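To start, the structure itself, in structure tokens.
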Amino acid sequence: MREKAIVVENLKKRFGNKVVHDGVSFTVYDGEIFVIMGPSGTGKSVLLKQIARLIEPDEGKILVYGMDVLNLKDEELEKFRETLTYVFQSGALFDSYPVWYNVAFYLIEKKGVKEKIARERASYYLSLLGLSGTEDLYPSELSGGMRKRVAVARALCMNPKCILFDEPTSGLDPVMTAIFDRLIIRLRNEFNKTCVVVSHDVNSAFRIADRIGILFKGKMVEIGTPEEIRNSRNPVVKQFINGEPEGPITEVLEQENG
Ligand SMILES: Nc1ncnc2c1ncn2[C@@H]1O[C@H](COP(=O)(O)OP(=O)(O)O)[C@@H](O)[C@H]1O
Ligand SMILES: [Mg+2]
């Protein structure tokens, strides 16, 4: 039996009277690439943020490698932070710090690692991401794809078991998207990371996923291998992977507005 990396049970979340999650449940196994897909505004980012403790759910249970995320004891907090990291959709870099310091931030500020050693570690992770030589540049001097890779290097620098990626390839061209796909597969194959990836890109999801979960109207409506998802008879899943909006377009747009 494979170890469970993340268990989400009956998660519920609303903002005001808007129900975002209405009983979301799924399990991600250690070393798995689990891709979450669903229409925009359906709560994918909120789901990742709840797993990462950035947003508190109203109800439900989240376990990360056995740690009860919603009831962490003080002494478990640091272990949790080192087990799971979240890569923001935007990258969320500090513009006033050079690239290497962005990557090494946690090591220096939270772990008290000496700057020289932290910089070496940062350089190593930057090199893995094809960013050697960018150490002393500032985020504003990088392209969008490079900034996203810096954000991944920063996550790797913390050496977590599990990384949550929120739309890592949104806004990137197809070549950069393919590079990111390979990177995520490499993180799993060579570094044994568990990867949860929110993606809007059906082709990319089919390339990288061990399993895919489709989030729709507050529930994980289908979970399966790419093969199972491709052959799903669920009309919602079929519409989604074929890129057909559900219902009249005005309704679809209203759904996104929240
Ligand atoms: N902090 C917040 N306060 C109020 N509403 C929010 C907040 N964050 C997200 N929402 C709403 O929750 C819904 C899901 O958002 P999100 O998870 O960002 O969707 P997506 O699937 O596109 O990532 C949207 O309707 C959004 O407007
Ligand atoms: Mg989102």
* Which percent of the accessible heavy-atom area of segment 1-153 goes to carbon and sulfur, probe 1.4 angstrom? -> 47
* Calculate what fraction, in whole %, of the accessible area of segment 156-250 sits on carbon and sulfur atoms when a 1.4 Å probe is rolled over the protein chains. => 51
* Taking square-rooted eigenvalues a ≥ b ≥ c of the alpha carbon gyration tensor, is segment 94-192 rounded, prolate or oblate, where a/c under 1.5 means rounded and, failing that, a/b exceeding b/c means prolate? -> oblate
* Among 159, 203, 102, whose mean-square fluctuation peaks in a Gaussian network model of the chain (Cα, cutoff 10 Å)? -> 203
* To do: Compute, for residue 154, the solvent-accessible surface of its heavy atoms (probe 1.4 Å) with the complete set of protein chains present, and express it in square angstrom to the nearest 10.
  => 40
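With N residues in the chain, what two-decimal value do you get for its Cα radius of gyration over 2.2 N^0.38 Å? Kindly include the intermediate steps, with their values, before the conclusion.
Values: Rg = 18.4 Å, N = 258, 2.2 N^0.38 = 18.1 Å.
Against the compact-globule rule of thumb, the ratio is 1.02.
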* To do: Choose one of 102, 29, 196: the residue whose Cα lies farthest towards the positive end of the charge dipole of the chain (beta-carbon charges +1 Lys, Arg; -1 Asp, Glu; about the Cα centre).
  => 29
* Proximal lysines relative to residue 79, as straight alpha-carbon distance under 22 Å, when same-chain residues fewer than 8 apart are discounted -> 4, 49, 61, 110, 111, 114, 161, 193
* To do: Quick one: dipole size for segment 15-163, taken about the Cα centre, charges +1 on Lys/Arg Cβ and -1 on Asp/Glu Cβ, in debye to the nearest 20.
  => 300
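Where nothing but the Cβ of Lys and Arg (+1) and of Asp and Glu (-1) is charged, how large is the charge dipole of the chain around its Cα centre, in debye to the nearest 20? It would help to have the intermediate numbers written out before the result.
Details: 35 positive and 36 negative charges, 89 e Å.
With Lys and Arg at +1 and Asp and Glu at -1, about 420 debye.
The values are calculated or read from the model by the stated rules, or taken from the named source; none is laboratory data. Everything numeric here is computed off the predicted structure, so don't read it as measured data. Methodologically, a virtual Cβ is constructed for each residue, glycine included, from the backbone with ideal geometry; neighbour enumeration extends over all protein chains shown. Accessible surface areas use protein heavy atoms only, side chains included; no ligands, DNA or RNA. Shrake-Rupley method; radii C 1.70, N 1.55, O 1.52, S 1.80 Å.
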